[in-house]
Structures are given as C-alpha cells and as structure tokens.
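Beneath this line is the structure, given in structure tokens, with notes to follow.
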Amino acid sequence: MEECIFCRIIKGEIPSFKVYEDKKVLAFEDINPISTGHTLVIPKKHAENLWEISAEDLAAVHLASKKVIKAIKDTLNPIGVACLQLNGRGANQIVMHYHLHLIPRSIEEPELPVSSWEIKQGDMKSIKETAERISEAVE
Ligand code: AMP
Ligand code: ZN
C-alpha cells in the first residue's frame, strides 16, 4: 500500500479540497490552515524535496502556483500571501512529498507566524565566507 499521503491524495484514495489540477500538478486546501485559503501545490510525480524534484516538475509547480495565487487574490482579496516550502525534518517538513504552501493573509487575520522573525545584524565576515563556500559549490 502507498505510504505517502500526498501520493494517495493524487490517486484519489484520500479526499481533498482540490482547487487546481493539470498533467503534472495538483493544488488543494491544507486541512490545518494557518489562514483562510491556505493551499498546497504539489507535483504529481513523487519527489521528497527541492534536492530531489526534477527541474520540469519544479517549474510546473511554480507556474501552477502563479495561477492559483491569482485565483486567491481575486477571491479572497488578501493583503499578502506567503509562499513557503520546507526541506527536511530539521526544517519541520512533515509530509515528505514536495509541496509549496500558499498562505494568504486577509486584513482581519493576524500576522502570519511564518513571515515574521526578529531581524538581527549578522557578522559580515562570516556571511562573506559562507557565501564563498556556497558559490564555489554551485554546479
Ligand atoms: P510541512 O510538511 O510541514 O510543510 O506541512 C505539511 C502540511 O500538509 C501541513 O500544513 C498539514 O496540515 C498538511 N496536510 C497533511 N495532511 C493533509 C491532508 N490529508 N490534506 C491536506 N493537507 C494536509
Ligand atoms: Zn508522494
């Protein structure tokens, strides 16, 4: 039996509140929404995270998210929408099937917890060194 809950949603084995579908992508409502209209956009082909997903599926998910975010804007009139995507259990990824969260905030809703953090000045030497290490590893 298929273990991945989002693969099971794609197969129709588990119900979902679908808002958009095409050949490569499905979008549906999060059942534990942070705000009204919290939507998940996923590739139909299973991939765990941003390291695994193919360029083609990644592009399809993000192009679909552009359609869905327009529909969210037209219907819910949010004052902003946070797009969030977690990779790995250490980043609190719970469902190990790539998904992009679209989290709108309407004027009467509180600030989104995922979009607010304390701004603290970083150490420029350390930031520079880290940037160099990462940039040297880019393939
Ligand atoms: P995360 O892996 O932390 O980015 O988040 C997984 C998200 O999937 C959570 O926001 C859950 O509420 C959501 N979720 C889990 N199961 C379902 C389901 N059956 N239908 C819709 N959303 C789900
Ligand atoms: Zn899956």
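The values are calculated or read from the model by the stated rules, or taken from the named source; none is laboratory data. Computed from a predicted model, the values in this text were never measured in an experiment. A quick note on method: Cβ atoms are made from the backbone with ideal geometry, for glycine too, and the neighbour counts reach across all protein chains shown.
Are any of the residues in segment 101-113 within 15 Å of ligand 1 (Cβ to nearest atom), surrounded by 14 or more Cβ atoms within 10 Å (Cβ to Cβ) and under 17 Å from ILE5 (Cβ atoms)? Can you show your working first?
Here is the first cut: in segment 101-113, the ones within 15 Å of ligand 1 (Cβ to nearest atom) are 101-104, 112-113.
Among the residues that remain, those that are also surrounded by 14 or more Cβ atoms within 10 Å (Cβ to Cβ) are: 101-104, 112.
Then keep just the ones that are under 17 Å from ILE5 (Cβ atoms); that gives 101.
Yes, segment 101-113 contains a residue that is within 15 Å of ligand 1 (Cβ to nearest atom), surrounded by 14 or more Cβ atoms within 10 Å (Cβ to Cβ) and under 17 Å from ILE5 (Cβ atoms).
Yes or no: segment 1-19 includes at least one residue that is modelled with pLDDT under 95, exposed (fewer than 15 other Cβ atoms within 10 Å of the Cβ), assigned to a loop (DSSP other than H, G, I, E, B) and hydrophobic (A, V, I, L, M, F, W, C).
Residues of segment 1-19 that are modelled with pLDDT under 95, as a first pass: 1-3.
With the extra rule that they be exposed (fewer than 15 other Cβ atoms within 10 Å of the Cβ), the set shrinks to 1-3.
Then drop every residue that is not assigned to a loop (DSSP other than H, G, I, E, B), which leaves 1-3.
Retained after the next criterion (residues that are hydrophobic (A, V, I, L, M, F, W, C)): 1.
The answer is yes, given that some residue of segment 1-19 is modelled with pLDDT under 95, exposed (fewer than 15 other Cβ atoms within 10 Å of the Cβ), assigned to a loop (DSSP other than H, G, I, E, B) and hydrophobic (A, V, I, L, M, F, W, C).
Can you name the number of the only condition in (1) assigned to a loop (DSSP other than H, G, I, E, B); (2) in contact with a Leu (Cβ under 6 Å, 6 or more places away or on another chain) that VAL41 fails?
Here VAL41 clears every test but (1).
It is to be established whether one or more residues within segment 63-72 are in contact with a strand residue (DSSP E or B) (Cβ under 6 Å, 6 or more places away or on another chain), small (Gly, Ala, Ser) and within 16 Å of ligand 1 (Cβ to nearest atom).
There is at least one residue in segment 63-72 that is in contact with a strand residue (DSSP E or B) (Cβ under 6 Å, 6 or more places away or on another chain), small (Gly, Ala, Ser) and within 16 Å of ligand 1 (Cβ to nearest atom).
Here are some residues: ALA91, ALA71, ALA47. Which one is more than 16 Å from ligand 2 (Cβ to nearest atom), of a type outside the set (Val, Ile, Thr) and surrounded by 14 or more Cβ atoms within 10 Å (Cβ to Cβ)?
Working: ALA91 fails: surrounded by 14 or more Cβ atoms within 10 Å (Cβ to Cβ); ALA47 fails: more than 16 Å from ligand 2 (Cβ to nearest atom).
Within the list ALA91, ALA71, ALA47, the selection yields ALA71.
Test each condition in (1) under 21 Å from THR36 (Cα atoms); (2) in a helix (DSSP H, G or I) for ILE107 and report the one that comes out false.
(2)
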